[in-house]
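Following: one structure in structure tokens, then a few remarks.
Every read-out reported here was derived from the displayed coordinates using simple, explicitly stated rules and does not represent laboratory data. Nothing here was measured: the structure is a model prediction, and the numbers come from that model. Virtual Cβ from ideal backbone geometry, glycine too; neighbours counted across all protein chains shown.
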Amino acid sequence: MSALAHSARLAPFRPETVWTLEGADLVERQGRRERRFPLSSLTAFRLAAPRAGDRRRVLTLVFGRRKTMLTAQSWTGAGRIEDRLASFSLFARAVAAVAGDLAPRARFERAAGGLAPREGLTWVMGLLAAGTAAMLLFAFSPHMAGVAIAIAARMAFLLLVLGAAAPWLTRGENLDPHALPEDLLPSA
């Protein structure tokens, strides 16, 4: 039985990554390293494409706390990138179709190109929380107690405001896993 596959070299000093669809599992092989992701545990399928109509595509598959990213381009050398959109499109469509049947609760969405606003907000909130903790640690020093507590209180308030704004950020356009748009994944 032959398995459907897509491959890309993601970075200069890393071996080529090969993703295969073997039954109900997505298998990622990079050199000797292998990771298996059962498609029945898929929680999010995010397909990102640049707005300018470029051929670059990125597929992020989230399996609970684990995730993998597939790309339509492969690094071949300094400043050279090979386009593999044809195999990427075929593979992404197959993964979506299988996962659509096996993981009915999974979110299938079209994300904006680049870092999604929700992910950016999560990073900012994480860094703000780390800064708040650092300021509270400075409060234990004798000369910085008043200033550190005042700054930490302001940072904690900002953290609460950003947390309250998170539910209103868009998640992306919902996709039908069995009918992915042709502009995202061209079939020819």
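List of remarks:
- Dividing the summed -39500 (n - 2.57) terms of all DSSP H runs of n ≥ 4 by the residue count of the chain sets its mean residue ellipticity at 222 nm at -11000 deg cm²/dmol.
- As a proxy for reagent exposure, ranking ASP101, ASP183 by other Cβ atoms within 10 Å from fewest up yields ASP183, ASP101.
- A Förster radius of 41 Å, combined with the Cβ-Cβ distance separating LEU137 from THR76, puts the computed FRET efficiency at roughly 0.30.
- Charge tally in the Cβ shell below 10 Å around ALA5, where Lys, Arg are +1 and Asp, Glu are -1, ALA5 excluded: 0
- Once C-alpha pairs closer than 8 Å and six or more residues apart are averaged by separation and normalised to the residue number of the stretch 117-168, the relative contact order reads 41 percent.
- Residue of PRO104, PRO15, PRO167 that the Gaussian network model of the chain assigns the largest fluctuation, springs spanning Cα pairs under 10 Å: PRO167
- Longest exposed-site-free window of the chain, the sites being chymotrypsin sites (Phe, Trp or Tyr not before Pro) in a DSSP loop that have at most 10 other C-beta atoms within 10 Å: 14-139
- Prolate/oblate/rounded call for the stretch 4-113, Cα gyration tensor, a/c under 1.5 rounded: oblate
- For GLU173, residues with placed amide H under 5 Å, excluding near neighbours: ARG110
- Antiparallel DSSP beta bridges within the stretch 34-155, percent to nearest 5: 70 percent
- A DSSP coil position with no more than 10 other Cβ atoms inside 10 Å describes the following trypsin sites (Lys or Arg not before Pro) in the stretch 74-109: ARG105.
- Among ARG118, ARG46, ARG66, sorting on how many other beta-carbon atoms sit within 10 Å of each Cβ, with the fewest leading, yields ARG66, ARG118, ARG46.
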